[in-house]
Amino acid sequence: MAGVRGYGGGIVGRFSDEPDEYPGVKEYHTARLNQIEGFFYTSDVLRKLADICDEHAGGLFNFHGSTGDIQILGFKQEEAEELFQKCTHLGFDLGGSGSALRTPSCCVGPARCEWATYDTLHITDNLTREFQNEMHRPTFNYKFKIKCAGCPNDCIASGARSDLSIVGVWKANIRIDQKEVAEYAKKFDIKKYVVDKCPTHCMDYTDGKLTIDDSNCVKCMHCINSMPKALRPGLEKGAQIRIGAKVPMVQDPRLGFILIPFYDVNKDKEEDYAFLKDLIQKIWDFWDEYGTNRERVGELIQRVGVGNFLEAIGLDPLPEMVEYPRANPFIKFEEYLVPDDEEEGKEG
Amino acid sequence: MTDEQKQKIKEFVVNLVKEYHGKKRFKPQDLEKEVEQNFQSENITRKDAKAAIKELTDNGELIYGYAGGSFLTLPEDQTQ
Ligand code: HEM
Ligand code: SF4
Ligand code: SF4
């Protein structure tokens, strides 16, 4: 077994099947270290980390693993404790692995990117500190990933691969600078490359003026990405919370669906993300109670039905909570059945 | 939860893991549920169970293993 005392995760153990033939890689474990949000490191800390990696492991790093963590590869169990202690003295704690919360991760967000609608780095740091126990002491049915993207470009693919994904969105109209639009018009055909490619056809460009019917904009970012100087996200900024995505390499990847269409994350930040933390706890309680071993939360929701899930976590159903447009026109509303039954009872 | 209760819970958990050693792998949440059930009359919650188990893993009386899922086991498994 591979690990350090008190922690149920953070060290990924790998043993060779042929230890006699390949004694050098008899044990080849990996340590996951919490990455710094936005991946900012001083050269000094990297040198010190490299020294630890040379002394106690195979001299090989992974910056960064698909989980987001820094990974130090190729050490033996007998080195684990000292390697870990040295890393903590540098300020790095272990990340998550096993049936636990995986190290939350984020895009670079407002640190370098003007499109971020909220502080992805701050929320990721806050959640990581809040849920230390869930990261280091695995009690879940399976892994749980939280990833925060600052805008719908979703540079960390949170919507595709995290059980809970937080993606920046805005409510007010896309801000248009017509002068800059005219500049772009000199460089390329706006109608062909931007307006006609809008997925909901909610844009128009006539007589040199660009207009957007924002009520039909699905925030795909295409127009903004194409003309960043002319278009900017709307000012009423928040995020969308999606649930249930996962990307196993072998089979059955799935996208999440929208759980909260507009989450006022900037306001929640002032309250130490109380709303979000409460929501996450409710989701975990439900998953803990009804999930089976190795069942991701998205699979559980599919098995028991979105209705039951929403009821358990105390959210009302909304039209936005769809995975795909419905094919079956028949809808059964249970609350309408109850009075009927009662009436029948009275008559009978 | 009093210190005395915590001690009792810790003994209960370790004994359970010992009793089933080699027969059943307890996931941490299995153990929490067992504690909750067994100490129901004393109003012991999941949180209390987690806190007691945390002490056991912190001082090395139990360690985490991983085989398709995380479980808690005795330190002598470390050598296997
Ligand atoms: C045929 C051999 C292997 C297969 C099929 C395999 C498969 C996988 C898969 C599917 C994942 C992704 C798991 C996820 O969904 O998060 C993964 C991750 C990982 N594997 Fe392997 N693996 C193999 C060999 C190895 C070896 C030899 C090592 C180490 C020496 C290793 C170390 C890791 C690590 C550290 C991760 C986490 C990577 C990250 O987070 O970026 N694997 N492996
Ligand atoms: S997801 Fe959006 S905010 Fe984050 S780095 Fe990418 S473009 Fe910028
Ligand atoms: S963001 Fe996408 S949907 Fe919205 S106006 Fe631009 S291209 Fe159209």
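Quick look at the numbers
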item	result
Strands (runs of 3 or more DSSP E) fully within region A:159-277 counting 2 or more residues that are among the basic types (Lys, Arg) and within 16 Å of ligand 1 (Cβ to nearest atom)	none
From A:LYS171, A:LYS246, A:LYS229, residue being modelled with pLDDT of 95 or more and more than 8 Å from ligand 3 (Cβ to nearest atom)	A:LYS229
Residues of region B:1-31 satisfying the condition of being assigned to a helix (DSSP H, G or I), at pLDDT 90 or above and either among the aliphatic types (A, V, I, L, M) or closer than 20 Å to A:TRP284 by Cβ (or both)	B:ILE9, B:VAL13, B:VAL14, B:LEU16, B:VAL17, B:LEU31
Matching helices (runs of 4 or more DSSP H) fully within region A:30-135 where at least 3 residues are closer than 29 Å to A:PHE15 by Cβ and in contact with a strand residue (DSSP E or B) (Cβ under 8 Å, 6 or more places away or on another chain)	A:43-56, A:77-90
Near pairs, Cβ below 8 angstrom, 6+ apart or cross-chain, from region A:60-71 (of a type in the set (Phe, Trp, Tyr)) to any residue that is part of a loop (DSSP other than H, G, I, E, B)	none
Complete set of residues in region B:58-70 that are modelled with pLDDT of 90 or more and of a type outside the set (A, V, I, L, M)	B:GLU61
Residue tally, condition away from ligand 2 (no atom under 15 Å from the Cβ), of a type outside the set (Gly, Ala, Ser) and either surrounded by fewer than 14 Cβ atoms within 10 Å (Cβ to Cβ) or under 14 Å from A:THR117 (Cα atoms) (or both), over region A:210-228	4
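So that you can scan it fast, the table gives a plain yes or no per residue for (1) within 10 Å of ligand 3 (Cβ to nearest atom); (2) over 18 Å from A:GLY234 (Cα atoms); (3) under 30 Å from the mean Cα position of the chain (by Cα); (4) modelled with pLDDT under 95:
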{"site": "A:GLN178", "(1), (2), (3), (4)": "no, no, no, no"}
{"site": "A:LYS186", "(1), (2), (3), (4)": "no, yes, no, no"}
{"site": "A:ILE190", "(1), (2), (3), (4)": "no, yes, no, no"}
{"site": "A:CYS198", "(1), (2), (3), (4)": "yes, no, yes, no"}
{"site": "A:HIS201", "(1), (2), (3), (4)": "yes, yes, yes, no"}
{"site": "A:TYR205", "(1), (2), (3), (4)": "no, yes, no, no"}
{"site": "A:GLY208", "(1), (2), (3), (4)": "no, yes, no, yes"}
{"site": "A:ASP214", "(1), (2), (3), (4)": "yes, no, yes, no"}
{"site": "A:MET221", "(1), (2), (3), (4)": "yes, no, yes, no"}
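The values are calculated or read from the model by the stated rules, or taken from the named source; none is laboratory data. Model, not experiment: these values are computed from the prediction. Don't worry about glycine lacking a Cβ; one is built from the backbone with ideal geometry, like all the others, and counts go over all protein chains shown.
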